[in-house]
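Visitor: I am attaching a structure below and will ask some questions about it afterwards.
The values are calculated or read from the model by the stated rules, or taken from the named source; none is laboratory data. Computed from a predicted model, the values in this text were never measured in an experiment. FYI the Cβ positions are ideal-geometry reconstructions off the backbone, even for glycines, and counts take in every protein chain you see. When the accessible area is computed, the model is the full protein with side chains, heavy atoms only, and any ligands, DNA or RNA have been set aside. Shrake-Rupley method; radii C 1.70, N 1.55, O 1.52, S 1.80 Å.
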Amino acid sequence: DSVIATVQGGVINNEGEALINGVQINNNTVSASTNNYGDNATAQGGAIYNAQGASLTIQGDTSFSGNSVSASGATSNTAQGGAIYNAGAINVSGGSTVFSNNSANNAANDIYFANNSTMNLTGNSTVELGSGVQSANQNATISVEGGSNLIQANTNSGGFSGVINIASNGLLTYK
C-alpha cells in the first residue's frame, strides 16, 4: 500500500474565517516526507493553509518572512505556498503586508493559489511580494481596487527572485 503524507499550515490551518491584524509570522516550516516507492508527500502553507471555502482577512501592518514548505522522499513530491497556501479567499484591507524570504522546495514562493481561489486588495492596502506567487491552472483571481497596490520586488534579502505567475484561466485585475 502507498502512503500519502500531507502536512498543512505551519501556524494556522483555516477552514472557516480567520482574521490576522498587525502581526509578524516568521520562520515556520512545514515538511512532508515518505520513503517508499509509490508514496505521495505534500506540504502546503509554511505559515497559513487557507482551505477551500475559507476566508482569511489580513489587516494592519503584517509580515511573513522566512516561512517554507518542503516535500521529499516520495514518488510524488508537492510543496506549495512558502508563506500561504490559498484554496479559498484572502481579503487584504488596509495597512501594509510584506512577504520576504519565503520558499517552496527551495524555490521562491510567497503565496500559492489553488483552483478557483481569490485575493482581494481593498482600502488603500499594499501587498509587497518578495518571492512571488504561483497559481494552479484554473480560475485563480487577484483583484486590486480602491487605491491599493500589489508590488513585486525584483529580489528580496534572501536572494530569491520571484514572479507573479498566474496560469491559464487566471485573472489579475487592477481597478
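Visitor: Would you pick out the residues in segment 36-67 that are part of a strand (DSSP E or B) and either crowded, with 24+ Cβ neighbours inside 10 Å or free of Cβ contacts under 8 Å to residues at least 12 places away in the same chain (or both)?
Guide: First pass over segment 36-67, keeping only residues part of a strand (DSSP E or B): 40-44, 48-50, 55-59, 62-65.
Listed by number, the residues that qualify are Ala41, Ala43, Gln44, Ile48, Tyr49, Asn50, Ile58, Phe64.
Visitor: Right, something else. Which count do you get for residues in segment 118-129 that are in a loop (DSSP other than H, G, I, E, B) and either at pLDDT below 85 or open to solvent by 10 Å² or more (accessible area, probe 1.4 Å) (or both)?
Guide: The qualifying residues number 2.
Visitor: Moving on. Any idea how many residues of segment 87-98 are in contact (Cβ under 8 Å) with a residue 40 or more places away in the chain and either assigned to a strand (DSSP E or B) or within 13 Å of the chain's Cα centre (by Cα) (or both)? Give the derivation first.
Guide: Narrowing segment 87-98 to residues in contact (Cβ under 8 Å) with a residue 40 or more places away in the chain: 88, 90, 92, 95.
Remaining after also requiring either assigned to a strand (DSSP E or B) or within 13 Å of the chain's Cα centre (by Cα) (or both): 88, 90, 92.
Total satisfying the criteria: 3.
Visitor: Taking Ala114 and the conditions (1) within 18 Å of Asn86 (Cα to Cα); (2) without any contact (Cβ under 8 Å) to a residue 60 or more places away in the chain, which numbered condition does it fall short on, given that it satisfies the others?
Guide: (2)
Visitor: Suppose we keep only residues that are open to solvent by less than 10 Å² (accessible area, probe 1.4 Å) and assigned to a strand (DSSP E or B) within segment 76-86. Which one would you say is farthest from Val11 (Cα to Cα)? Working first, answer last.
Guide: Residues of segment 76-86 that are open to solvent by less than 10 Å² (accessible area, probe 1.4 Å), as a first pass: 81-84, 86.
With the extra rule that they be assigned to a strand (DSSP E or B), the set shrinks to 84, 86.
On the way: Ile84: 10, Asn86: 14 Å.
Filtering first and then ranking leaves Asn86.
Visitor: Quick check on segment 96-117. Is at least one of its residues open to solvent by 20 Å² or more (accessible area, probe 1.4 Å), hydroxyl-bearing (Ser, Thr, Tyr) and out of contact with any Ser or Thr (no Cβ under 7 Å at 6 or more places or on another chain)? Reasoning before the result, please.
Guide: Here is the first cut: in segment 96-117, the ones open to solvent by 20 Å² or more (accessible area, probe 1.4 Å) are 96, 98, 100-101, 105-108, 112, 115-116.
From what's left, hydroxyl-bearing (Ser, Thr, Tyr): 96, 100, 112.
From the residues that got through so far, the ones that are out of contact with any Ser or Thr (no Cβ under 7 Å at 6 or more places or on another chain) too are 112.
Yes; the residues of segment 96-117 include at least one that is open to solvent by 20 Å² or more (accessible area, probe 1.4 Å), hydroxyl-bearing (Ser, Thr, Tyr) and out of contact with any Ser or Thr (no Cβ under 7 Å at 6 or more places or on another chain).
Visitor: Is it true that Asn67 is of a type in the set (S, T, N, Q) and either modelled with pLDDT of 90 or more or closer than 24 Å to Gly16 by Cβ (or both)? Break it down into steps so the answer makes sense when it comes.
Guide: Numbers: of a type in the set (S, T, N, Q): yes; either modelled with pLDDT of 90 or more or closer than 24 Å to Gly16 by Cβ (or both): yes.
Criteria met by Asn67.
Visitor: In addition: Tell me, which residue of segment 134-152 that is out of contact with any Gly (no Cβ under 7 Å at 6 or more places or on another chain) and modelled with pLDDT under 80 is surrounded by the most Cβ atoms within 10 Å (Cβ to Cβ)?
Guide: Filtering first and then ranking leaves Gln134.
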